[in-house]
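Written out below as structure tokens is the structure these notes cover.
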Amino acid sequence: MGEELQFKTAGELSDLLKGGSVSSVEIVQAFIDRVESVDDRVRAFNSYDAEDALAQARASDERRAKAERLGELDGIPVGLKDNLAVKGQPLTCSSKILESFVSPYDGTCIQKLKANGAILWGRLNMDEFAMGSSTENSGTHTTSNPWDLDRIPGGSSGGSAAAVAACETPVALGSDTGGSIRQPASHCGVVGLKPTYGRVSRYGLAAFASSLDQIGPIARNIDDAALLLNAISGYDPHDSTSYKIDVPDFRKAAADDSDRKWTIGLPKEYLEENSDAAAIKPVLDAIEFYKSQGIEFKEISLPHTEYAVATYYIIATAEASSNLARYDGIRYTSRAESFDGKDSIDIYHQSRALGFGEEVKRRVILGTYVLSSGYYDAYYLKAQKCRTLIRSDFERAFESVDAIMTPTSPTPATLKGAHAEDPLAMYLSDIYTISANLAGIPGLSLPCGYVDGLPVGLQVLGKPFKEDEILKLGWIFESAHAYKDHHPSL
Amino acid sequence: MPEEQSIDIQKVANLARIALTDEEKSKLSGQLDSILGYINKLNELDTSNVDPTAHPHSVYNVWREDKAEGELPIEEALKNVPEQRQNMIVVPKVVE
């Protein structure tokens, strides 16, 4: 099985292309065939255009024939979460309100992937507007976890993680506002990286919560995540929050063998109270492995951890209520057919009522409330101050440690429907991931074992702009544990 | 944070420009009350001497030349409009 193209990593495929033993058309065809044979069960894709992908592959093969290869990703498929703008492709955010939307321009990440020669491959399912942790809030359908089809893949980038785990694409892009890359990567047994806020331009990413959102890679190993991060990083004049800072070669940094002394922090608040010990046993085993490699661990405290979920749900919903005001039924969304003709704004009310799903309505209304007159100081300003306290916890911790390790999620993937009537319970499951977004630091989730056949992720949090260090730490574990060769049976 | 949490759901839905059915209103008010109850946890923290964070890293002003670039042709810009005529967006009549 391992010989087949769809089971190879992007790095392996790139080497095969370089060696001339396969063509991009053969690679793309292998992934089209794979999607056609397994996606009726996984349902990771909202849509894909096989003809267009093959046309991109032919162009890549022609470049190679003329020795005009554009980059490491030339000829390699990259799956895209359905909130990234590609000129001429649909962009639905898995929402009915954007069901007919076609992007008029390429986002910066997409321009960079095109400049690298990547094959833009498919639109991957997500919770509507990235609001959720399971893809159950998708306006189209729920994606299944490839390891157990009755379970959620996690979310919101659940389609991206499931597609990579099911070998329907070698790598994919997701977006992470409160854990939306790391948690589904953990649930699907793949690698997911949320870069430092500002590392990757958000231009062309449909905005959810602008001070928290980051685009990042999902892959089957560390090397592929680094490869994709190399391709998409960098300052962009179209995103004034992207950061003017050097971009190292993450691939080289991850594989660098030179000796270095590491000190890793274990936050007592994460390991003591919240987790079911059996559910995170592989994480504890992974920590023992690191210790056996001479890496030093020390207990640290992030005292404001218990306030992170409340802080996050004020800031994220407030920013979402403002960002989603643009979906108004007038300019580029679907429009309700019946509305009160005497009331000029009823067209907004009706179009949004029809176009938004339940979770989006809940969050937009909560966000509107916390920003409304008389409540702004009590909620939004208060949350921004609490955000300072949470950020300071990490700044203090990083004075004495190089990185922090935690579980990615309190439990492996739950059964579909488990949180259907209790949104607060779903919000609380984000406890380990959301602080990284509030603090703006990078976070990696990598597969570290299984509980009852379900993958479990180890989270590595790093200092701002030190993605190279957390990738290196992931590499140390991965080199001794071949999870990239474990595939769900489909 | 205010003690009494009961949210005036109709008022907020109006501000958010989302028409809700009666059933949605009652379900959402219950859920939002419980979420707001949880959020009240932040009152335990004394933040009187804490500056708010709007952005995770230090920010600087961003300037550029006042020069148009990358603009979309009208047909492209209007491609997703629900209804259009003569390069304009058609909306329902709002004045008598």
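So here's what we get for this one:
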| read-out | value |
| --- | --- |
| Selection within segment A:230-247 - away from every other protein chain (no Cβ under 14 Å), farther than 23 Å from residue A:172 by Cβ and of a type outside the set (D, E, K, R) | none |
| Residue in segment B:74-89 that is part of a loop (DSSP other than H, G, I, E, B) and modelled with pLDDT under 90 present | no |
| Identity of the residue in segment B:86-96, more than 9 Å from chain A (Cβ to nearest Cβ) and in contact with an Asp or Glu (Cβ under 9 Å, 6 or more places away or on another chain), that ends up farthest from residue A:334 (Cα to Cα) | B:87 |
| Helices (runs of 4 or more DSSP H) contained in segment A:1-104 and holding at least 3 residues more than 24 Å from residue A:220 (Cα to Cα) | A:50-65 |
| Residue match in segment B:52-59 (condition: in a loop (DSSP other than H, G, I, E, B), at pLDDT below 90, among the hydroxyl-bearing types (Ser, Thr, Tyr) and out of contact with any Asp or Glu (no Cβ under 6 Å at 6 or more places or on another chain)) | yes |
| Those residues of segment A:249-265 which are buried (at least 18 other Cβ atoms within 10 Å of the Cβ) and farther than 16 Å from residue A:294 by Cβ, in sequence order | A:250, A:251, A:254, A:265 |
| Candidate set: segment B:57-73, residues that are within 30 Å of residue A:392 (Cβ to Cβ) and surrounded by 10 or more Cβ atoms within 10 Å (Cβ to Cβ); chosen: the one farthest from the other protein chains (Cβ to nearest Cβ) | B:59 |
| Some residue of segment A:285-292 being within 14 Å of chain B (Cβ to nearest Cβ) and of a type in the set (A, V, I, L, M) | no |
| Criterion violated by residue B:8 - all others in (1) of a type in the set (D, E, K, R); (2) within 21 Å of the chain's Cα centre (by Cα); (3) within 19 Å of residue A:316 (Cα to Cα) satisfied | (3) |
| Residue list for segment A:278-312, filter: of a type in the set (S, T, N, Q) and surrounded by fewer than 17 Cβ atoms within 10 Å (Cβ to Cβ) | A:292, A:293, A:301 |
| Selection from segment A:293-332 of residues that are on the phi > 0 side of the Ramachandran plot and more than 14 Å from chain B (Cβ to nearest Cβ) | A:294 |
| Residue list for segment B:8-54, filter: touching a Ser or Thr at 6+ places or on another chain (Cβ under 6 Å), surrounded by 18 or more Cβ atoms within 10 Å (Cβ to Cβ) and closer than 12 Å to residue A:369 by Cα | B:9, B:12, B:16 |
| Per-region count, segment A:438-451, residues in a strand (DSSP E or B) and either without any contact (Cβ under 8 Å) to a residue 60 or more places away in the chain or not polar (S, T, N, Q) (or both) | 8 |
| Verdict on residue A:422 being on the phi > 0 side of the Ramachandran plot and either surrounded by fewer than 19 Cβ atoms within 10 Å (Cβ to Cβ) or free of Cβ contacts under 8 Å to residues at least 40 places away in the same chain (or both) | no |
| Verdict on residue B:15 being at pLDDT below 95 and at the interface with chain A (Cβ under 7 Å from one of its Cβ atoms) | no |
| Candidates B:44, B:76, B:23, B:83, filtered to the one that is without any contact (Cβ under 8 Å) to a residue 40 or more places away in the chain, at negative phi and more than 9 Å from chain A (Cβ to nearest Cβ) | B:23 |
| Answer residue from segment A:419-444, given it is within 24 Å of residue B:55 (Cα to Cα) and among the hydroxyl-bearing types (Ser, Thr, Tyr) and is farthest from the chain's Cα centre (by Cα) among those | A:427 |
| Number of the condition not met by residue A:351 [criteria: (1) within 7 Å of chain B (Cβ to nearest Cβ); (2) surrounded by 23 or more Cβ atoms within 10 Å (Cβ to Cβ); (3) among the polar types (S, T, N, Q)] | (1) |
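Residue-wise test of (1) more than 17 Å from residue B:41 (Cα to Cα); (2) surrounded by fewer than 19 Cβ atoms within 10 Å (Cβ to Cβ); (3) modelled with pLDDT under 95; (4) in contact with a His (Cβ under 6 Å, 6 or more places away or on another chain).
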{"residue": "A:337", "(1), (2), (3), (4)": "yes, yes, yes, no"}
{"residue": "A:340", "(1), (2), (3), (4)": "yes, yes, yes, no"}
{"residue": "A:347", "(1), (2), (3), (4)": "yes, no, yes, no"}
{"residue": "A:360", "(1), (2), (3), (4)": "yes, no, no, no"}
{"residue": "A:363", "(1), (2), (3), (4)": "yes, no, no, no"}
{"residue": "A:367", "(1), (2), (3), (4)": "yes, no, no, no"}
{"residue": "A:377", "(1), (2), (3), (4)": "no, yes, yes, no"}
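Condition check ((1) surrounded by fewer than 24 Cβ atoms within 10 Å (Cβ to Cβ); (2) under 15 Å from residue A:155 (Cβ atoms); (3) within 13 Å of chain B (Cβ to nearest Cβ); (4) among the charged types (D, E, K, R)) across all residues:
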site	(1), (2), (3), (4)
A:381	yes, no, yes, no
A:386	no, no, yes, no
A:389	yes, no, yes, no
A:392	yes, no, yes, no
A:402	yes, no, no, yes
A:407	no, no, no, no
A:418	yes, yes, no, no
A:438	no, no, yes, no
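One line per residue, one yes/no per condition, for (1) more than 16 Å from residue A:250 (Cβ to Cβ); (2) small (Gly, Ala, Ser):
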position: A:427; (1), (2): yes, no
position: A:438; (1), (2): yes, no
position: A:443; (1), (2): no, yes
position: A:446; (1), (2): no, no
position: A:452; (1), (2): yes, no
position: A:461; (1), (2): yes, no
position: A:464; (1), (2): no, no
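The values are calculated or read from the model by the stated rules, or taken from the named source; none is laboratory data. Predicted model, so just to flag it, every value in this text is computed and none were measured. Here the Cβ is made from the backbone with ideal geometry for all residues, glycine too, and neighbour counts use every protein chain on show.
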